[in-house]
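Step one of this worksheet: look at the structure below.
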Amino acid sequence: MAELETRELEHFVAVAEELHFGQAATRLAIAQPALSKSIRRLESRLGTKLLERSSRHVALTPAGEALLHHGRHALNAVSVAADKARRAGDRQAPLRLVIKPGGDGNLLSGILAAYADQPDARQVDILFGGATDRADYLRDGRADVALLYAPFDDMAGLDHTTLAVEGRVAILPPDHRLAARPQVTLADLSQETLPRWKGVSWTGVPEAATGPEVTDAAEALHMIRLGRTIAVLPRSLAQPMHPDLVYRPVTDAPTSALVLAWPRDDNRRQVASFVAAALQAAVAT
């Protein structure tokens, strides 16, 4: 089986992204002949051509496109592994928690207090992610733990534990036909205009979302106030309630869960301590 050296893979990815040996050599801070030799050695080892090159043109072969795709992931995995090793050896390194602004279900202060009581507690750095990218913070090593919402966030490659389960609410303009009702059902909402959440699969609500595209709850609330749409959100993400809007429970919508997630292969003691503290705080709430 052919083995790839990390340095050769870095060289190939640089050339594949630049499609220019001179620019790739400058980016890598090596001589262009050395870079060309590295690529030829890699092609020889794999037994296939990765690049079509002439004096004026560099293009990827199908094999090169495949190696670029998987090579990026491999280099990222190596970088994450190295970073985790450094952080595991650094007893003073802070624990990094990524959250969505307002997306902590009012549990964050209790979690931090419970963790501070742990004998091996570290400083916790709070990072703020967007509506759809917080799980990526864990996968690429930018964060150690994350507060996510199931089933909306992609949990692939992650372990997680549930901190809270909650229902969903419909957010309506005050003059909406359903605003006078104490509660609504999914059938009541089936003909309504719903927002299209960018990058998020909002399962469990009517699927025919034909309204404006929004990236977060703040944008959705703005569109609701303009009368362009209504929205269905987990109860905690609907907080604080806007005084100009109406909030009604959706009685038959599937529940959602606020979860604490971490990379599946991360068995560090500090992560386990934070998970234990988060569960303790959730039970006490």
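One table, with the values for the structure above:
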item	result
Cβ-based charge dipole, the stretch 168-254, positive-most Cα from Ala218, Val184, Pro195	Val184
GNM flexibility winner over the chain from Ala217, Ala150, Ala25 (Cα, springs under 10 Å)	Ala25
Of Arg264, Arg56, Arg181, the one that fluctuates the most in a GNM where the chain has Cα springs shorter than 10 Å	Arg56
Helix-only [θ]222 nm of the chain, DSSP H runs n ≥ 4, -39500 (n - 2.57) each, per residue, nearest 500	-12000 deg cm²/dmol
Highest to lowest packing among 218-231, 182-195, scored as the average C-beta count within 10 Å	218-231, 182-195
Area projected by the alpha carbon convex hull of the chain, averaged over all directions, nm²	20.0
Considering only the stretch 168-254, percent of DSSP beta bridges that pair antiparallel, nearest 5	75
Descending Cα extents along the principal axes, the stretch 6-88, whole Å	47, 26, 19
Potential lengthening between Ala116 and Gln92 on full extension [0.36 nm per residue; Cα-Cα distance subtracted]	7.2 nm
Between helix 6-18 and the chain: long-axis angle, C-alpha atoms, 0 to 90°, nearest 10	80
Cα gyration tensor shape of the stretch 168-254, rounded if a/c is under 1.5, else prolate or oblate by comparing a/b with b/c	rounded
Simple label model, 7 Å out from Cα along Cβ direction - Ala34 to Arg225, nm	5.9
DSSP beta bridge pairing in the chain, given as percent antiparallel to the nearest 5	70
Residue of Ala272, Ala257, Ala63 that the Gaussian network model of the chain assigns the largest fluctuation, springs spanning Cα pairs under 10 Å	Ala63
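Where a number appears in this text, it was derived from the coordinates with a stated rule and is not lab data. It should be emphasised that the depicted structure is a prediction, and the values quoted were computed from it without experimental measurement. Reconstructed Cβ throughout: ideal geometry from the backbone, glycine too, with neighbour counts over all protein chains shown.
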